[in-house]
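First the structure, in the form of C-alpha cells, and then the observations on it.
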Amino acid sequence: MRYTVPTPTSVDELLQRANRLTGQSFAQLAKIANLHMPNDLKKDKGWVGMMLEQHLGASAGSKPLQDFPDLGVELKTLPVDEQGQPLETTFVCVAPLLNTSGLNWLNSNVRNKLSCVLWIPIDGRRAVPLAKRVVGQPFLWRPTNEQEQALQSDWEEHMDRIALGEVESITARQGEFLQIRPKAADGSALTEAVGPNGQMIQVRPRGFYLKKTFTRAILEQVFNAV
DNA sequence: GTCTGATCATGT
DNA sequence: ACATGATCAGAC
C-alpha cells in the first residue's frame, strides 16, 4: 500500500504540512510512508526528495512542470552540513540544446522553476546514518529582483553559447550562480545539439544547477535576517 | 531516448 | 578540501 496525501489546495496548506515535517527523522518519515529505508544515498540519490514529495502530496510524475502546478510552487530539498551550509549544488532542469531560437528568460524553464520554491533544508551529513538525519525548517522563497537579474544574466550567457554551437566548450566554471553540467544516467547517454559549424552533434545531456554560493545566500537571507 | 529526484567520487 | 564531471534509480 502506497502512502499518499491529497494535493494541497493552497500555499498555506502546503506550508502547514511542510512545517509539520520539521525535526522529524528520515526513519520516522520513511515508516509513515511505507518506504524502504536505504543505508545511504549512494544508489538512492533522490530518495529524500521523493519521500518528501509523498509527504507533501506533490503531483508525482516526470513532467517538466513545477511540483505543485496549481500553486505555482516548486519543491527542492537542500542538503546542509552542521553549520547549515549547502553541501551540494541544486539541480534546476535540463538545458535545451536544440531549437533554442524562440527561448528567452521570461519563458524559460529555469525561471519558471525558480519563480517560487519551497526549500526544505535537510541534514546532509554523510557521517550521520541516513535514518537518523532530520528535516530542517522549510521556507517559501521567491527570487529578489537582484537575484533574478543575476540568474537571467547567467542563463543568457549559457544559452548564447548553446545557440552558437559552443555547448561542448561550456564548463561548470562559467556562470556566476547558474552553471551547466552533465546530467545523464551514465556516460553512454547522448542527445543532439548544434556543433561549431552549425551541424548536428551528439553530446552528453546537460542540466542547469544553482551554485552553492547562491543557495548559501538564500539560507542567510532567510535564517540570519535581522 | 526523455524527464523527474539528486549525490557521488575523483581530479585538482 | 572542494567543485567538476560522472553517475544512480525510476517513470514513461
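The values are calculated or read from the model by the stated rules, or taken from the named source; none is laboratory data. All values reported here derive from a predicted model rather than from experimental measurement. FYI the Cβ positions are ideal-geometry reconstructions off the backbone, even for glycines, and counts take in every protein chain you see. Accessible surface areas use protein heavy atoms only, side chains included; no ligands, DNA or RNA. Shrake-Rupley method; radii C 1.70, N 1.55, O 1.52, S 1.80 Å.
Along segment A:164-169 the Karplus relation, 6.51 cos²θ - 1.76 cosθ + 1.60 evaluated at θ = phi - 60°, assigns HN-Hα couplings of 7, x, 10, 4, 6, 9 Hz to successive residues, with x for each Gly and Pro. Residues in segment A:142-157 carry Karplus couplings, in order, of 10, x, 6, 4, 5, 5, 5, 5, 5, 5, 4, 4, 5, 4, 5, 4 Hz; the curve used is 6.51 cos²θ - 1.76 cosθ + 1.60 with θ = phi - 60°, and Gly or Pro positions show x.
For A:Ala189, the shell of other residues with beta-carbons less than 13 Å away shows a net charge of +1, using +1 for Lys and Arg and -1 for Asp and Glu. Under the criterion of Cα pairs below 8 Å and six or more residues apart, the relative contact order for segment A:1-135 equals 32 percent. Sorting the Cα pairs of segment A:120-192 by distance into bins of 5 Å, from 0 upward, gives 3, 12, 14, 14, 14, 16, 14, 10, 3, 0 percent per bin. Here the dipole of segment A:11-223 is about 720 debye; that uses its Cα centre as origin and unit charges on the Cβ of Lys and Arg (positive) and Asp and Glu (negative). Would you mind checking which residues have amide H under 5 Å from A:Arg206's amide H? H placed 1.01 Å from N; only 5 or more apart, or other chain. Residues meeting the criterion, in which the H sits 1.01 Å from N, are A:Ala95, A:Lys183. Split the accessible area of chain A by element, probe 1.4 Å, and carbon with sulfur accounts for 50%. Rolling a 1.4 Å probe over the heavy atoms of the protein chains gives chain A an accessible area of 55 Å² per residue.
Among the listed pairs A:Lys43/A:Lys211; A:Lys45/A:Lys183; A:Lys45/A:Lys211; A:Lys31/A:Lys212; A:Lys42/A:Lys63; A:Lys132/A:Lys211, a Cα-Cα separation exceeding 20 Å is found for A:Lys43/A:Lys211; A:Lys31/A:Lys212; A:Lys42/A:Lys63; A:Lys132/A:Lys211. Sequentially through segment A:177-192, phi angles give Karplus couplings (6.51, -1.76, 1.60; θ = phi - 60°) of 10, 10, 10, 10, 9, x, 8, 7, 5, 5, x, 8, 5, 9, 9, 7 Hz, Gly and Pro residues having no value and appearing as x. Using C-alpha pairs under 8 Å with a sequence gap of at least 6, the mean separation divided by the residue count of segment A:66-108 gives a relative contact order of 18 percent.
Reducing segment A:6-33 and segment A:37-68 to their Cα centroids gives an inter-centroid distance of 13 Å. When every alpha-carbon pair in segment A:11-223 is counted, what percent end up more than 25 Å apart? Result: 42 percent of Cα pairs exceed 25 Å.
Each stretch of four or more DSSP H residues adds -39500 (n - 2.57); spread over every residue of chain A, this sum gives -8500 deg cm²/dmol at 222 nm.
Segment A:149-226 and segment A:79-111 have Cα centres lying 7 Å from one another. Each Cα pair under 8 Å and six or more residues apart adds its separation to the average, and for chain A the resulting relative contact order is 21 percent.
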